[in-house]
Amino acid sequence: MKWKNLRRSGNVEDRRGRRMSTKRAKPIVVSGGCGTIIVALVLMFVFRVDPSFLLNTGSTSTPSLPTPEPQTQSANDELGEFVKAIKGSCEDVWSKIFARQGYKYRPARVVHYSGATRLKRGGVAHARMGPFYLPAEETIYIDTDFFRLMKQQYRAGGDFAYAYVISHEAAHHVQNLLGYTNQVFKKRARVSESEGNKLSVRLELQADFLAGVWAHYADKEMRGRTGQHMMEEGDIQEAMRAAQAIGDDALQRSSQGYVVEDSFTHGTSEQRLRWFMKGFKTGDVKQGDTFSIPYNRL
Ligand SMILES: [Zn+2]
C-alpha cells in the first residue's frame, strides 16, 4: 500500500521506550468492586482479552498473545510514522462520513507503547493483550511489537495487514460514538454467556466491515489527490492472511488445538474477511448492520 503521503494524526501519543517499573505494574487496581468488574467485562467482550489479570484471580490461562521480545526503534522510525499516517487517514475518512450525516466526529486517541503502559483510569496495558480500544478512554492502545509478532509468528506481515488492524480499532471507536458498544454492553449483562459472545461477534464483524469502509474511502481520496491508488496488488491478500491469523478460530486452534464455536468473540477468519470486503467494495455504511441479520447467516 502507499501510505507515505497520508496526513499524520496529531492524536498519537508516543510512549515507546518508556519503562514502567514492575513494582508499580501490578495487576490493575481500579477503585475496586463494581468498577473493576465493569472494566473487566468491557475488556472481555469488546476485546479479545482475558480479564483475569484485572480481577486478580490468579489465573494466567491462555493469554491471547505471547509476550514479544523487546524491539529497538529504528532510526527513521517508519513504524511510528505509519501508525500516525493510518490514524490520520481514519480520522479524515470518518470525519467526512459523520459530517455527511450531520454529525461531528470526535477522533480517538492512540497510545503507542512498548512493553507495558498505564491506562488512564488505573490498570495496565500489556503487549501480550494485542492492540485494543478502550471505550471509557476513547483510546486505542497499540504496542510496537504486535506487528512484528503478526509477521513472525502468524506469518501475516505487510503494511496493509497492519493498517487493517489499526483501522479495525479505529472502527471500534466509531461504534462507540454511534452507541453500538454501549448497547451491546447493556444487552450482554442480561443474556447467557453464549448469547453474549454472539453479540460480541456481531460487534467485531461490524468493526471489520467499517475497516473495509475506511479502506474504500482512503483509496478513493488518494486517487483523487495524487492520481494513484493507496491499495496495491497483494494488499487484500495481506488483509486476508491477517484475518486468517487473528480470527478466533485460528487463535483457538493455535492455543487449544480445537475450535469451540460458542466462545468465539471475533468471528471466524472467513467471516472477518467477508465483512471487511463488503465494506471495502461498497463503501456504504448502511450495509454494515451486523445486528439484524440472523446469526447463522452472518
Ligand atoms: Zn475488535
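The values are calculated or read from the model by the stated rules, or taken from the named source; none is laboratory data. Quick caveat, the model's predicted, so the values are computed rather than measured. Ideal geometry is used to build each Cβ from the backbone, glycine not excepted, and the neighbour counts take in all protein chains shown. Surface accessibility is based on the protein's heavy atoms, side chains included, excluding ligands, DNA and RNA. Shrake-Rupley method; radii C 1.70, N 1.55, O 1.52, S 1.80 Å.
Worth pointing out:
- Tally, over region 150-181, of residues that are touching a residue at least 12 places away in the same chain (Cβ under 8 Å), away from the ligand (no atom under 16 Å from the Cβ), assigned to a helix (DSSP H, G or I) and open to solvent by 20 Å² or more (accessible area, probe 1.4 Å): 1
- Residue within region 202-220 that is modelled with pLDDT under 90 and part of a helix (DSSP H, G or I) present: no
- Those residues of region 202-226 which are closer than 16 Å to residue 163 by Cβ and open to solvent by less than 30 Å² (accessible area, probe 1.4 Å), in sequence order: 207, 208, 209, 210, 211, 212, 213, 214, 215, 218, 219, 222
- In this structure, residue 229 does not qualify as open to solvent by less than 10 Å² (accessible area, probe 1.4 Å) and at pLDDT 90 or above.
- Scanning region 129-143 for residues that are away from the ligand (no atom under 14 Å from the Cβ) and open to solvent by 10 Å² or more (accessible area, probe 1.4 Å) yields a total of 3.
- Considering region 184-213, the residues that are more than 16 Å from the ligand (Cβ to nearest atom) and among the polar types (S, T, N, Q) include one that is farthest from the chain's Cα centre (by Cα), namely 192.
- Across region 1-18, the number of residues qualifying as open to solvent by 60 Å² or more (accessible area, probe 1.4 Å) and either assigned to a strand (DSSP E or B) or farther than 23 Å from residue 137 by Cβ (or both) comes to 5.
- Complete set of residues in region 268-298 that are of a type outside the set (Phe, Trp, Tyr) and within 22 Å of residue 229 (Cα to Cα): 273, 274, 277, 278, 279, 281, 282, 283, 284, 285
- Just one residue in the set 75, 125, 99, 136 is part of a helix (DSSP H, G or I), of a type in the set (Gly, Ala, Ser) and modelled with pLDDT under 95; that residue is 136.
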